[in-house]
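Asker: Sharing a structure here in structure tokens format.
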Amino acid sequence: MKFASFLNLVWVINSSNGFSIQNQNRFCTGLYGSQSSDEVVLQKAFSVGTLVEFTAKNDKVHVGKILNVEHKSSGGARYEIMSHEGEKYNIADKAVNFAMPISPNDEKKLPQIFDDFATALEEPETELLKDLDMSVELLEMAWEETLEDESHELTAKSLIDLVHSHTASAIETYKAWKLLRGNFSHVFFKEIKDHGRVVAFKAKAMKAVEAAKQTFCRNPENAESDLCWV
């Protein structure tokens, strides 16, 4: 009886192990099958003709116009771009910092817009404030308004609308975006990114702004800034 019981036990163990291995193999086959059947999803890409600010491989920032769009086997978008200086670049989508779609109306004055885009790229914050007819006081007022809004979020376009009550042009939008990414604005706002690109700005809490102001104004380079006298 003991020997028979032992044989039964061995049979149960072997049967159990065989069952487990068989099911593991089925699971792996199903897993590989699901991987091989996955379809590549093409990344949403900017259209040909779009003006962009982008970062080249040497970390230098340029503005340019998209000449061609293609997708890698993985689905990621790549662009052939002609810079404002007349040089061609091939970049991945993640290298695009800002995109400026060109409307049919803008198409007629594209050369001027492209020139203005290149000029704006090099402008310091003080010049951006002048161009946008803004001041540090208005920037702080925009922060206060945004802080009261339920979302606490501000975009370049909504900044123009909030301060000047009109729809921002393509160049105004870019300049406002650059201004909101500058040192003045970082006192009041945090950047919000989508797929690595800065798309909006979130108002900081009041205590955080006070602390950021103190840090900003302790820097000798900012001692004469209007922000430190507001």
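No lab work stands behind these numbers, since they all come straight from the coordinates. This structure is a prediction, so every number in the text was calculated from the model and none was measured. Reconstructed Cβ throughout: ideal geometry from the backbone, glycine too, with neighbour counts over all protein chains shown.
Asker: Using a 10 Å cut-off on Cβ atoms, rank the peptides 172-184, 113-125 from the highest mean neighbour count down.
Answerer: 172-184, 113-125
Asker: Also, quick follow-up: Any idea how far apart residue 166 and residue 149 come out in nm if each label point goes 7 Å out from Cα toward Cβ?
Answerer: Using points 7 Å along Cα→Cβ, the separation is 2.0 nm.
Asker: Output the pairs from 94/204; 60/94; 60/204 with a Cα-Cα distance over 20 Å in this structure; if there are none, say none.
Answerer: On the way: 94/204 27 Å; 60/94 14 Å; 60/204 30 Å.
Exceeds cut-off: 94/204; 60/204.
Asker: Pull out the extension gain between residue 85 and residue 99, defined as 0.36 nm times the separation in residues minus the alpha carbon to alpha carbon distance; nm, one decimal.
Answerer: On the way: separation 14, 0.36 × 14 = 5.04 nm, distance 1.78 nm.
Working it through step by step, the gained length comes to 3.3 nm.
Asker: Can you find, among 184, 126, 196, the residue sitting farthest towards the positive end of the charge dipole of the stretch 123-229, where Lys and Arg contribute +1 and Asp and Glu -1 at Cβ?
Answerer: 196
Asker: Oh, and also: Could you give the length gained by full extension between residue 92 and residue 71, i.e. 0.36 nm per residue of separation minus their alpha carbon distance, to one decimal place?
Answerer: Working: separation 21, 0.36 × 21 = 7.56 nm, distance 0.95 nm.
The residue 92-residue 71 span can extend by a further 6.6 nm.
Asker: Continuing with this model, one more query. Among 51, 42, 132, 162, what is the fewest-to-most ranking by other Cβ atoms within 10 Å? Present the calculation step by step, with values, prior to reporting the outcome.
Answerer: Details: 51 25, 42 12, 132 21, 162 16.
Fewest to most other Cβ atoms nearby, the residues stand as 42, 162, 132, 51.
Asker: Next question. So what's the gap between the Cα centers of the stretch 166-217 and the stretch 69-140, to the nearest angstrom?
Answerer: One Cα centre to the other: 18 Å.
Asker: Sort 78, 218, 197 by Cβ crowding within 10 Å, fewest neighbours at the top. Walk me through the intermediate numbers first.
Answerer: Values: 78 17, 218 10, 197 14.
Final ranking by Cβ density, sparse to dense: 218, 197, 78.
Asker: Rank these for me by crowding, 55, 146, 215, going from fewest to most other beta carbons within 10 Å. Before the final figure, lay out each step's value.
Answerer: Values: 55 14, 146 21, 215 11.
Ascending number of Cβ neighbours within 10 Å: 215, 55, 146.
Asker: In whole Hz and in residue order, list the ³J(HN,Hα) couplings for the stretch 143-153 that follow from phi through the Karplus curve 6.51 cos²θ - 1.76 cosθ + 1.60, θ = phi - 60°; x for Gly and Pro.
Answerer: The phi angles translate into 4, 4, 5, 5, 5, 7, 6, 4, 7, 6, 10 Hz.
Asker: Extension gain residue 218-residue 195, at 0.36 nm per residue separation less the Cα-Cα distance, in nm?
Answerer: Details: separation 23, 0.36 × 23 = 8.28 nm, distance 3.42 nm.
Computed gain between residue 218 and residue 195 is 4.9 nm.
Asker: Apply 1/(1 + (r/R0)^6) to the Cβ-Cβ distance of residue 123 and residue 39, taking R0 = 41 Å, and write down the FRET efficiency to the nearest 0.05.
Answerer: Numbers: r = 45 Å, r/R0 = 1.09.
Once rounded, the FRET efficiency stands at 0.40.
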